[in-house]
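The values are calculated or read from the model by the stated rules, or taken from the named source; none is laboratory data. Note that this is a predicted model, so its numbers are computed, not measured. Every residue, glycine among them, receives a Cβ derived from its backbone with ideal geometry; neighbour counts consider all protein chains shown. Side chains included, ligands, DNA and RNA excluded: accessible areas come from the protein's heavy atoms. Shrake-Rupley method; radii C 1.70, N 1.55, O 1.52, S 1.80 Å.
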Amino acid sequence: MRSRSEILGMMKNRVLVIDGSFGVEVQRRSRTPFRTPEELNRIEPGTVRSIHRDYVSAGADVLLTNTFGGTAHKMSLSGISDPVPYIKEGARLAREAAGDGALVFGDIGPTGILPYPLGEGNFEMFYSEFKAQASVLLGERVDGILLETFSDILELKAAVRAVRDLSEDVFLGVSMTFDQGGRTLTGTDPINYALTFNDLSVDAIGMNCSLGPAEMLPLFSELAAICPKPIFIEPNAGLPQLEDGNMTYPVGPEEFSHYAQEFARFGARMVGGCCGTGPEHIREVSRAVKGMAPVKRDPHPRAVLTSPASVVDLDQFTIIGERINPAGRKKLREAMEKGDLALVMDEARAQVQAGAHVLDVNFGHEASVDWSFMEKVILSICYNLGTPVSLDIQSTEILEAMLRIYPGRPLVNSSTCKEEDLMPRLGMLKKHGGVLVVLSMGKDVPHDVNGRIVNVRKALRKAGSQGIGKDRLIFDPIVLSLGAGYDPQATLDTIGKLKELKLRTCCGLSNLSIGLPNRGMLNASFLAMAVKRGLTSVIMNPLDETLRGILDSSLMLDLRKATPKGGGSEQGIVKCLLDGDAPGALKLIEDTAAAKGPLLVLEEILKPAMERIGILYSERKIYLPQLIQAAQTSKPCFDRLESLMPGSANAKEKFVIATVKGDIHDIGKNIVAAIVRSSGYEVIDLGRDVDTEKIVSAVKEHAPLALGLSAMMTTTAPGISEVVKALKANGLKVPIIAGGASLNSDLVLKLGADRYAKDAVDAVTFLKERSRG
Ligand code: ZN
């Protein structure tokens, strides 16, 4: 087993070659049927060993164990209840083939479950799945762990935590997979990904799968430009095609190796291959990059806060909404204590609509609020509203728990410069990521500027000693009560001094005017002056129009502008659905139905609204979390309209959907089912790994408007043509739409389906075209 620093040292001196794909190779070489590739580690070890050996002799420096799908959850879907012996054997086989030459990295892939509020997953569940798998791999003394093909940052963050809680000494690489639009499934772009994971204790940040090298190059160059950590890449051998009933990848070894050189020129320190690459690809890659000196990059990381689908740039003026705070607000306090998410989300939504870029979340008397409710609030804001959160939490225990499960890079609000406040928070930041607000005070607030700056310098030194730079700190100059005789000029001068020191600043306003008349005016005037002195962010009530107006004008006069907040031009029902405003949507639907009748509202208002949302999604103006939220929000509206209609009028057109035989992946299929359902169709979901006969008999029984087939893997895609043939043999005619990660338009037509579904919205469009209504 080699140490972390040893492997990083190797990467400094040369470009390491990772092996190629496993899935396609085992498919080609295995003699026995298997439920999942990991099963071969025990039932056909010779095949697995021979693949590893071929990669070694092709020149691979790194072998990945055949354990990609080895979480207990994924293995159980293939009917294997105890994954441990398969993972153990997987590690041993790779080690055996590697000998003393190649490194062995334990390969871990995602669980296939989406996190709350998009699905049933949560941090602790992901964490225990990955911890179990990683502990077996580490027990077999692998040289490193590679977390590959992840599409959600929360799940990946849980996996990183799990590995690091087992070992600080093992090399750890992370890799996410992006679509052609440059986002992961839950909306993360390369910049967000790089900056979120740069905070964590990972050694290399990479991209793999889904796209070919040509499609990945622009995304990789974005990563290279911003990511301070070593970067790596494993593209597929192009986008798959169908040839004689088999799936093939078009990019051959030589062409692939030219791209490998190109990636190395962008600074890749490890290059390998994903789906469709084999030993010949790796041989050429090895030839192409082994002589190359590693290219030094000059990355420019940015100071940002993130949630899965959004990045807030702290170099633009940032508005932090303060209203999720129950101080003096009985209703909000009761909602938090009862666990009523709706009211808290209303408060969140209103602030985002009013222009807040980040939401401060304060639970008041924390002992009376359930931790799981706090988690729900944070995740709903992050995923559904797409807004990063400022964790305004007093208890260090709760703060750490929420930092741990935070999907991205949050703001932590706040710490004084006192050792006992600052050190634990810096420790948490180091472990879980994030940006910290530091108050320029120790035990007391110094009256003058110099005293506050002394504190700031002390905090900078302490943070530096923990490896936390000034890009992850924001300083609060401290606003005190004018009525109690404090001099606001000291605060303004501190802002000016902090600006000179090139530090970011943030303050609250309300302390200033406590006990004085005309509070709003005083706060607004102070804010204008603070902007002039260089303030970079403020915690305020964005619904206060005076304050907003003064802030906007001050920024304009100071030739600065607040970070623009996207979207917001939609109105009426579309807006309600996008915002997840269920009561608002229902009221609108009921009011209109009373005037115009339910059928008209269904056909001319609700369905077109979902269609509009589909278009916004296709145009990448919204991302999956908002699409799913809109579908969830529209459900009670559809139900309500249905209940208002007589039986015959509400007979819905049907859609049958299934993942084909042999394929256990169902994230995409579930999303399509949910979106189609929310567009007013009856969905008969047959599940995953469905027998062809079962699909045929469902078509016979339901006579659906269309059939949807999903196949994620190249190995299972031919299952689509099997269904097509079986339907034909039974004399059944039904339009078929097919989708899945390894498919494309060409392929789907060749497999005999009528249309390719790039996403859920395509499926709805297809149904609409065929609608008999
Ligand atoms: Zn792949």
Are there any pairs, at least 6 apart or on different chains, whose C-beta atoms fall under 7 Å, with the first in segment 79-103 and closer than 12 Å to ARG141 by Cα and the second part of a strand (DSSP E or B) and not aliphatic (A, V, I, L, M), and if so, which?
ALA91/GLY106; LEU103/GLY144
Regarding segment 13-30, can at least one residue be identified that is polar (S, T, N, Q) and within 25 Å of GLY173 (Cβ to Cβ)?
yes
The residue from SER643, SER634, SER618 that alone is among the polar types (S, T, N, Q) and within 30 Å of VAL723 (Cα to Cα) is SER618
Does GLY355 satisfy the criteria of being part of a loop (DSSP other than H, G, I, E, B), surrounded by fewer than 19 Cβ atoms within 10 Å (Cβ to Cβ) and in contact (Cβ under 8 Å) with a residue 24 or more places away in the chain?
yes
The lone condition GLY69 fails out of (1) crowded, with 16+ Cβ neighbours inside 10 Å; (2) at positive phi is (2)
Can you pull out the residues in segment 179-215 that are open to solvent by 10 Å² or more (accessible area, probe 1.4 Å), within 16 Å of the ligand (Cβ to nearest atom) and part of a loop (DSSP other than H, G, I, E, B)?
ASP179, GLN180, LEU185, CYS209, SER210
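Here's the yes/no breakdown for (1) part of a helix (DSSP H, G or I); (2) in contact with a Leu (Cβ under 6 Å, 6 or more places away or on another chain); (3) aromatic (Phe, Trp, Tyr):
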{"position": "ASN450", "(1), (2), (3)": "yes, no, no"}
{"position": "VAL454", "(1), (2), (3)": "yes, no, no"}
{"position": "LEU512", "(1), (2), (3)": "yes, yes, no"}
{"position": "PRO517", "(1), (2), (3)": "no, no, no"}
{"position": "GLY520", "(1), (2), (3)": "yes, no, no"}
{"position": "ASN523", "(1), (2), (3)": "yes, yes, no"}
If I filter segment 362-370 for residues that are at pLDDT 95 or above, of a type outside the set (S, T, N, Q) and touching a Leu at 6+ places or on another chain (Cβ under 7 Å), do I get at least one hit?
no
Please count how many residues of segment 688-707 are among the small types (Gly, Ala, Ser), open to solvent by 20 Å² or more (accessible area, probe 1.4 Å) and either farther than 25 Å from MET645 by Cα or touching a Gly at 6+ places or on another chain (Cβ under 8 Å) (or both).
1
I'd like to know if segment 390-405 contains one or more residues that are more than 22 Å from ALA303 (Cβ to Cβ), open to solvent by less than 50 Å² (accessible area, probe 1.4 Å), more than 34 Å from the chain's Cα centre (by Cα) and not small (Gly, Ala, Ser).
no
LEU147 being touching a Gly at 6+ places or on another chain (Cβ under 8 Å), hydrophobic (A, V, I, L, M, F, W, C), within 16 Å of the ligand (Cβ to nearest atom) and part of a helix (DSSP H, G or I):
no
Could you grab the pairs with beta carbons closer than 6 Å, sequence gap of 6+ or different chains, first residue in segment 431-444 and at positive phi, second one open to solvent by 10 Å² or more (accessible area, probe 1.4 Å) and not aliphatic (A, V, I, L, M)?
GLY433/ASP199; GLY433/ARG409; GLY434/ARG409
Among the candidates LYS621, LYS607, LYS575, residue that is open to solvent by 30 Å² or more (accessible area, probe 1.4 Å), closer than 22 Å to ASP762 by Cα and not in a helix (DSSP H, G or I):
LYS621
Looking at (1) in a helix (DSSP H, G or I); (2) buried (at least 20 other Cβ atoms within 10 Å of the Cβ); (3) polar (S, T, N, Q), find the lone condition where SER128 falls short.
(2)
Just name the residue that is surrounded by the most Cβ atoms within 10 Å (Cβ to Cβ) out of those in segment 249-288 that are farther than 14 Å from GLU25 by Cβ and among the polar types (S, T, N, Q).
SER257
For segment 613-659, give me each residue that is among the hydrophobic types (A, V, I, L, M, F, W, C) and in contact with a strand residue (DSSP E or B) (Cβ under 6 Å, 6 or more places away or on another chain).
PHE655, VAL656, ILE657, ALA658
Determine whether PHE171 is touching a Gly at 6+ places or on another chain (Cβ under 7 Å) and among the aromatic types (Phe, Trp, Tyr).
yes
Check off (1) touching a Leu at 6+ places or on another chain (Cβ under 9 Å); (2) modelled with pLDDT of 90 or more for LYS728 and give me the number that stays unchecked.
(1)
Yes or no: LEU501 more than 32 Å from the chain's Cα centre (by Cα) and either at negative phi or touching a residue at least 24 places away in the same chain (Cβ under 8 Å) (or both)?
yes
Looking at segment 487-496, is at least one residue within 15 Å of ARG457 (Cα to Cα), touching a Pro at 6+ places or on another chain (Cβ under 7 Å) and at pLDDT 95 or above?
yes
Taking strands (runs of 3 or more DSSP E) that do not extend beyond segment 222-307, which have at least 1 residues that are within 14 Å of the ligand (Cβ to nearest atom) and modelled with pLDDT of 95 or more?
231-234
Is segment 456-466 home to any residue that is in contact with a Ser or Thr (Cβ under 6 Å, 6 or more places away or on another chain) and assigned to a helix (DSSP H, G or I)?
yes
Working only within segment 8-22, note down all residues that are within 19 Å of SER57 (Cα to Cα) and either open to solvent by less than 60 Å² (accessible area, probe 1.4 Å) or within 16 Å of the ligand (Cβ to nearest atom) (or both).
VAL15, LEU16, VAL17, ILE18, ASP19, GLY20, SER21, PHE22
Filter result (within 24 Å of VAL304 (Cα to Cα) and either modelled with pLDDT under 95 or away from the ligand (no atom under 16 Å from the Cβ) (or both)) within segment 165-178
LEU172
Scanning segment 23-42 for residues that are assigned to a helix (DSSP H, G or I), open to solvent by less than 30 Å² (accessible area, probe 1.4 Å) and farther than 20 Å from GLU234 by Cα gives GLU38, GLU39, LEU40, ASN41
Being closer than 26 Å to GLY740 by Cα, of a type outside the set (Phe, Trp, Tyr) and away from the ligand (no atom under 16 Å from the Cβ) is the requirement here; does ALA158 meet it?
yes
Taking segment 308-337 as the region of interest, how many residues are within 14 Å of TYR193 (Cα to Cα), in contact with an Asp or Glu (Cβ under 9 Å, 6 or more places away or on another chain) and either open to solvent by 10 Å² or more (accessible area, probe 1.4 Å) or assigned to a strand (DSSP E or B) (or both)?
2
For segment 429-448, how many residues are assigned to a helix (DSSP H, G or I) and crowded, with 21+ Cβ neighbours inside 10 Å?
2
Based on this model, can you work out whether LEU509 counts as closer than 25 Å to VAL358 by Cα, open to solvent by less than 50 Å² (accessible area, probe 1.4 Å) and modelled with pLDDT of 95 or more?
no
